[in-house]
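K.L.:
Sending over a structure as structure tokens; questions will come in a sec.
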Amino acid sequence: TIDGEGYYVPGGKAVAVMIGGKRVTMRLDRQTQAEFRIDGVEFAYPKSLQAAEPMDEGGVTIWSLEGPSAAVMLQRYDGEIAPESLLEVLSENIAQQYGSDAVERQSVQLRGAERSYTGQQLRVASNAGSVESELVQNVFTFASGARVYALIVQDTRGADEGETDEYRETLRLLGDTLKSAPAATRAAPAPKTPRPPRQAAPQPQRRRVR
């Protein structure tokens, strides 16, 4: 309804109408993304990813967004910890979970809305029954304000197949919208056993995330 007049606009189709003597084209598209926002971190993600209830596990708060093929996990560490050390320990934990020899690793970088985030990509083959698949996890760690975060972006794809559409869209939205605050202070070294992500994967070789 505009100025008391009702107009029927089918979803996804452009419709031309006369408003105030002027021809106006309108189009309504279904909302395909949602927003994640907490103090210090915000980003958009595909609506196909469903948010779980946040969990608090021994000083680590975990937010999870899971879809049919892609997933995003954000971990917030309340203690003093260096992002670089956290990245190293989390990557090692993932590699040990699946067996270091089975995991391919490489350095990656995610360019967000205002800054870049350095991380590790880990790939591992998975066999669920007779179905072969590949699990890809990108682990990024960064300081935002006085706290340190780990952002894990995951894709589960068929063996010998490329990245899924959901994963590709997740990375695109993160690149367009991910924002975090500047680090307040230099953090202390990482504890011996930081919280690893639930799942994991990449010889060092820097590239942008794909």
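The values are calculated or read from the model by the stated rules, or taken from the named source; none is laboratory data. These figures come from a predicted structure and were not determined experimentally. No Cβ is skipped: glycine too gets one built from the backbone with ideal geometry, and neighbour counts run over all protein chains shown. Each accessible area value is taken on the protein alone, full model and side chains, heavy atoms only, with ligands, DNA and RNA left out. Shrake-Rupley method; radii C 1.70, N 1.55, O 1.52, S 1.80 Å.
K.L.:
V124 is checked against (1) over 28 Å from G58 (Cβ atoms); (2) touching an Asp or Glu at 6+ places or on another chain (Cβ under 8 Å); (3) aliphatic (A, V, I, L, M) and fails just one. What number does that condition carry?
P.N.:
(1)
K.L.:
All but one of (1) closer than 14 Å to L74 by Cβ; (2) buried (at least 19 other Cβ atoms within 10 Å of the Cβ); (3) modelled with pLDDT of 80 or more hold for P197; state the number of the condition that does not hold.
P.N.:
Result: P197 fails condition (3) only.
K.L.:
Pick from segment 110-124 the residues that are aliphatic (A, V, I, L, M) and under 14 Å from the mean Cα position of the chain (by Cα): which of them is surrounded by the fewest Cβ atoms within 10 Å (Cβ to Cβ)?
P.N.:
The first filter runs over segment 110-124 and keeps only residues aliphatic (A, V, I, L, M), leaving 110, 113, 122, 124.
Those left that are additionally under 14 Å from the mean Cα position of the chain (by Cα): 110, 113.
Details: L110: 20, A113: 14.
Out of the qualifying residues, it is A113.
K.L.:
To continue, here is another question. Give the residues of segment 60-94 that are of a type outside the set (K, R) and open to solvent by 30 Å² or more (accessible area, probe 1.4 Å), sorted by residue number.
P.N.:
If the condition is that a residue be of a type outside the set (K, R) and open to solvent by 30 Å² or more (accessible area, probe 1.4 Å), then W63, E66, P68, D78, G79, E80, E84, S85, E88, V89, E92, N93 are the ones that fit.
K.L.:
Working only within segment 163-177, note down all residues that are of a type in the set (D, E), open to solvent by 30 Å² or more (accessible area, probe 1.4 Å) and either part of a helix (DSSP H, G or I) or closer than 16 Å to Q31 by Cβ (or both).
P.N.:
Applying the first criterion (of a type in the set (D, E)) to segment 163-177 yields 163, 165-166, 169, 176.
Narrowing further to those that are open to solvent by 30 Å² or more (accessible area, probe 1.4 Å): 163, 165, 169, 176.
Once the filter is applied, which keeps residues that are of a type in the set (D, E), open to solvent by 30 Å² or more (accessible area, probe 1.4 Å) and either part of a helix (DSSP H, G or I) or closer than 16 Å to Q31 by Cβ (or both), segment 163-177 yields D165, E169, D176.
K.L.:
For N127, work out the one condition from (1) in a strand (DSSP E or B); (2) crowded, with 16+ Cβ neighbours inside 10 Å it doesn't fulfil.
P.N.:
(2)
K.L.:
Looking only at segment 152-162, how many residues end up being surrounded by fewer than 24 Cβ atoms within 10 Å (Cβ to Cβ) and aliphatic (A, V, I, L, M)?
P.N.:
So the count comes out to 1.
K.L.:
Out of A102, A44, which single residue is open to solvent by less than 80 Å² (accessible area, probe 1.4 Å), at pLDDT below 95, hydrophobic (A, V, I, L, M, F, W, C) and more than 14 Å from V139 (Cβ to Cβ)? If you could, list the steps in order and put the result at the bottom.
P.N.:
Details: A44 fails: at pLDDT below 95.
Testing whether each residue is open to solvent by less than 80 Å² (accessible area, probe 1.4 Å), at pLDDT below 95, hydrophobic (A, V, I, L, M, F, W, C) and more than 14 Å from V139 (Cβ to Cβ) leaves just A102.
K.L.:
Can you say whether S107 is assigned to a strand (DSSP E or B), closer than 21 Å to L178 by Cβ, small (G, A, S) and out of contact with any Gly (no Cβ under 8 Å at 6 or more places or on another chain), as far as the supplied structure shows?
P.N.:
Numbers: assigned to a strand (DSSP E or B): yes; closer than 21 Å to L178 by Cβ: yes; small (G, A, S): yes; out of contact with any Gly (no Cβ under 8 Å at 6 or more places or on another chain): no.
Against the criterion (assigned to a strand (DSSP E or B), closer than 21 Å to L178 by Cβ, small (G, A, S) and out of contact with any Gly (no Cβ under 8 Å at 6 or more places or on another chain)), S107 does not qualify.
K.L.:
Looking at segment 130-151, which of the residues that are out of contact with any strand residue (DSSP E or B) (no Cβ under 7 Å at 6 or more places or on another chain) and closer than 24 Å to G59 by Cβ is least open to solvent (accessible area, probe 1.4 Å)?
P.N.:
Going through the qualifying residues, I end up with G145.
K.L.:
If you take just the strands (runs of 3 or more DSSP E) that sit entirely in segment 21-96, which of them hold at least 1 residues that are among the basic types (K, R) and either under 17 Å from the mean Cα position of the chain (by Cα) or on the phi > 0 side of the Ramachandran plot (or both)? Give the derivation first.
P.N.:
Numbers: elements: 22-26, 33-38, 41-46, 55-57, 60-66, 70-77.
Once the strands (runs of 3 or more DSSP E) in segment 21-96 are filtered for at least 1 residues that are among the basic types (K, R) and either under 17 Å from the mean Cα position of the chain (by Cα) or on the phi > 0 side of the Ramachandran plot (or both), what remains is 33-38, 70-77.
K.L.:
Also: Do the conditions hold for R157, that is, is it among the charged types (D, E, K, R), part of a strand (DSSP E or B) and under 19 Å from L49 (Cα atoms)? Spell out how you get there, then give the answer.
P.N.:
Numbers: among the charged types (D, E, K, R): yes; part of a strand (DSSP E or B): yes; under 19 Å from L49 (Cα atoms): yes.
So R157 passes the test.
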